[in-house]
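Before any comments, here is the structure.
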Amino acid sequence: MVVSLNRDGPVAVVLIDNPPVNAASHAVRAGIVAALNEANTDPAIGVIVLACAGRTFVAGADIKEFGKPPVAPILPDVCAALEASIRPVVAAMHGTTLGGGLELALACHARIAARDAQMGLPEVKLGLIPGAGGTQRLPRLAGMETAIEMVSGGGRIDAQAAVACGLIDRIAEGDLLEAARDFARTLIGSPPRRTGEQPVPTFDAVAVDARIAAIDKKARGQIAPGRAARLARRAAEVPLAEGLAEERAAFVELLAGPQSAALRYVFAAERDAARIVGLEGVAPREVTSVGIVGAGLMGAGIAAAVLNAGWPLTVVEHDAAAAEAGGTRIHDLIDKARTSGRISDDAVAARLSRLAVSTDRAALTDCDLVIEAVFDDQDVKTALFADLSRIVRPDAILATNTSYLDPDRLAEAVAHPERFVGLHFFSPAHIMRLVEVVETATTSPGTLATAMAVVKRLGKLGVVTGVCEGFIGNRLYTAYRREADVMLEEGALPHEVDAAMEAFGFPMGPYAVNDMAGLDISWARRKRAAATRDPAEPYVVIADRLCQAGRLGRKAGAGYYRYVEGRREVDPAVAAIVEAASAEKEITRRPVAADEIQRRILTALRTEGEALLGEGVARRASDIDLVLINGYGFPAWRGGPMFVAGRT
Ligand code: 3H9
């Protein structure tokens, strides 16, 4: 029985038990309605508690049912039945109460949550809006501003924030179900407080409208966030029934649309990425302490992520000055989370208390995992791994964060190379979600499984890649840039390429990104590769010419753009360099339209993706899409180049 009714005197506990996440499947919905009917017609019952077994309260509608014809009772009907219940209903929430789960709770008459519970309406992440009253009931309880942030952003709030805004009534001290029953008893005999009958608290309409405009802008083409925000706004303008009808119509429309199809594909792709052929039944090893060598920008970012995830961490730098600078960098990253209000003073102190910074590699002796984040140089890293092999236990995992060196060659320096793996973080490492987990020729299944588990505990998305120059991500991005550069020679200008890709949904075009990162790093790489470059291969000189002119990017005040008081501006000097490059190759320039730019870049990405699949570097087409979305800003609502091409 996925829903059962359990009596405790006058309290009826309607218990949902539908593992793994108590999704509101048809059986759950029908079960809730049946249990409600029973509880409301039994004179011995005075109050009802809606609770869940297992790890969480309902985490949403059952995604597996999307795309199939809806079967009654649909979730809005269940919410209506809860709200109409004659006996008061108390939602008792633990774990992650999400989407349709939170909508069930909103339709109850009171709410209590475990201290560590979290709540959210993540429908926008699936290209949807809350479709069972979330946009209409949440503003009535939590206020318009909070409701708009929650429905449009899809983020979660914790129980403390939920009490503060009025979304829940109280936090359970001790056992949730016991506290819920005690709370419920106090409501026996009182009329149910129906959320839909509450007025929306007053709000600043001008500020809210400005916020909605900002949400549309930030969504860069994704429809759902603005739709969700506007529907929440409607809650203050129309009666509940009208608002619910508008919400339902929008939900049905979005569910049938391409953006939701793409985002639901991404949801499934993320779960698939963790299912690795060959690792079935391989248990990850326990990692209780972590070490990092190198506390530059990358090392400090990884360190902050490790500390955020709760591990004790030892960071080693080569001398006292570097150790001090590294320690300060880590401290500053963690403190930034405090000043922006994301973590408390206590949380900062707890994280920093787990950090040890040393100049002595011997301090890493007891670590279960050591990640190197030193200068990307073959000799430096080879010597380091030879040294680490002597210091740590023979079974401690050693990981390289190299971007461009060959991990198979680095593995040669490692004693017991089966414990060697690549962990390619993206910068800033404490923020960026993607980690490419590089399987070398010697990496054992146990090491790979452990690396994936570590990445998951870091709260990041791990995607397995084989070894090749640049792994999956930088190989794809190189193909992207190559095609963009060719279009510059043919007639496009950098700002036109950027505008086309920003209109496509990337937060920044490739040249604005390059200016931000600095042009010198890739220039140095090109100079190193010059001797071995195939002279028959087409080579675009524009980037080199910009560098020679001192245009090294934003930090130099000029790159593909010029920067005036931090603002990027189109620079005629860049057009001159680009046009000269075309003239040198006797190319007659022609206008390249935005849709051609977008189409050709997509094709270049897909072709490179096919090559990566053919070489066995990428295990699945969907992994390629995940890398582009999470590492390079490809708009998730388009699914990725392989999805667009119907390759998945
Ligand atoms: C919605 O509610 C619409 C309504 O407004 C209106 C309706 C009319 N359904 O992520 P995990 C599966 S839209 C079915 O690895 P975690 C998942 O596929 C929905 N299955 O665990 C996986 O299966 P498998 C709004 C679901 O602990 C397994 O559960 N809700 C659903 O890392 C474990 O998942 C959301 O968008 C679902 N709703 O994280 C919440 N959710 O093992 C989406 C999960 O076969 N879910 N599964 O691969 C999540 O964010 C995370 O899964 C959660 C657990 C935080 C709950």
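The values are calculated or read from the model by the stated rules, or taken from the named source; none is laboratory data. Owing to the predicted nature of the structure, the values given are computational and were not obtained by experimental measurement. Note that each Cβ is placed from the backbone with ideal geometry, even for glycine, and that neighbours are counted across all protein chains shown.
So the values come out like this:
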read-out: Failed condition for ALA268, given (1) in contact with an Asp or Glu (Cβ under 7 Å, 6 or more places away or on another chain); (2) within 17 Å of GLY127 (Cβ to Cβ); value: (1)
read-out: Qualifying helices (runs of 4 or more DSSP H) (wholly inside segment 237-331; at least 2 residues being within 13 Å of the ligand (Cβ to nearest atom)); value: 240-255, 258-273
read-out: Number of the exception - SER152 against (1) free of Cβ contacts under 8 Å to residues at least 40 places away in the same chain; (2) within 23 Å of the chain's Cα centre (by Cα); (3) away from the ligand (no atom under 12 Å from the Cβ); value: (1)
read-out: Given (1) touching a Gly at 6+ places or on another chain (Cβ under 9 Å); (2) assigned by TED's automatic domain parsing to the domain that holds LEU355; (3) β-branched (Val, Ile, Thr), index of the condition VAL306 fails; value: (1)
read-out: Tally, over segment 567-584, of residues that are over 16 Å from GLY550 (Cα atoms) and not in a loop (DSSP other than H, G, I, E, B); value: 9
read-out: Residue count for segment 426-470, restricted to those that are buried (at least 18 other Cβ atoms within 10 Å of the Cβ), touching a residue at least 40 places away in the same chain (Cβ under 8 Å) and under 18 Å from VAL290 (Cβ atoms); value: 12
read-out: First in segment 61-76 and of a type in the set (A, V, I, L, M, F, W, C), second anywhere and within 12 Å of the ligand (Cβ to nearest atom) and in a strand (DSSP E or B), Cβ under 6 Å, 6 or more apart; value: ALA61/ALA24; LEU75/ALA24; LEU75/ALA61
read-out: Unmet requirement for MET1, which otherwise passes all of (1) modelled with pLDDT under 95; (2) within 16 Å of the ligand (Cβ to nearest atom); value: (2)
read-out: Within segment 153-202, tally of residues that are of a type in the set (Lys, Arg) and assigned to a helix (DSSP H, G or I); value: 2
read-out: Residue among LEU50, LEU36, LEU15 that alone is more than 15 Å from the ligand (Cβ to nearest atom), of a type in the set (A, V, I, L, M, F, W, C) and over 32 Å from the mean Cα position of the chain (by Cα); value: LEU36
read-out: Odd one out for ARG29, checked against (1) among the basic types (Lys, Arg); (2) more than 9 Å from the ligand (Cβ to nearest atom); (3) closer than 20 Å to LEU176 by Cβ; value: (3)
read-out: Elements of type helices (runs of 4 or more DSSP H) contained in segment 332-432, each with 1 or more residues being aromatic (Phe, Trp, Tyr) and not assigned by TED's automatic domain parsing to the domain that holds ILE157; value: 378-391
read-out: Conditions (1) under 29 Å from the mean Cα position of the chain (by Cα); (2) more than 12 Å from the ligand (Cβ to nearest atom): number failed by GLU103; value: (2)
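Yes or no, residue by residue, for (1) more than 18 Å from CYS52 (Cα to Cα); (2) at pLDDT below 95; (3) within 16 Å of the ligand (Cβ to nearest atom):
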position: GLU83; (1), (2), (3): yes, no, yes
position: ALA117; (1), (2), (3): no, no, yes
position: LEU126; (1), (2), (3): yes, no, yes
position: THR146; (1), (2), (3): yes, no, no
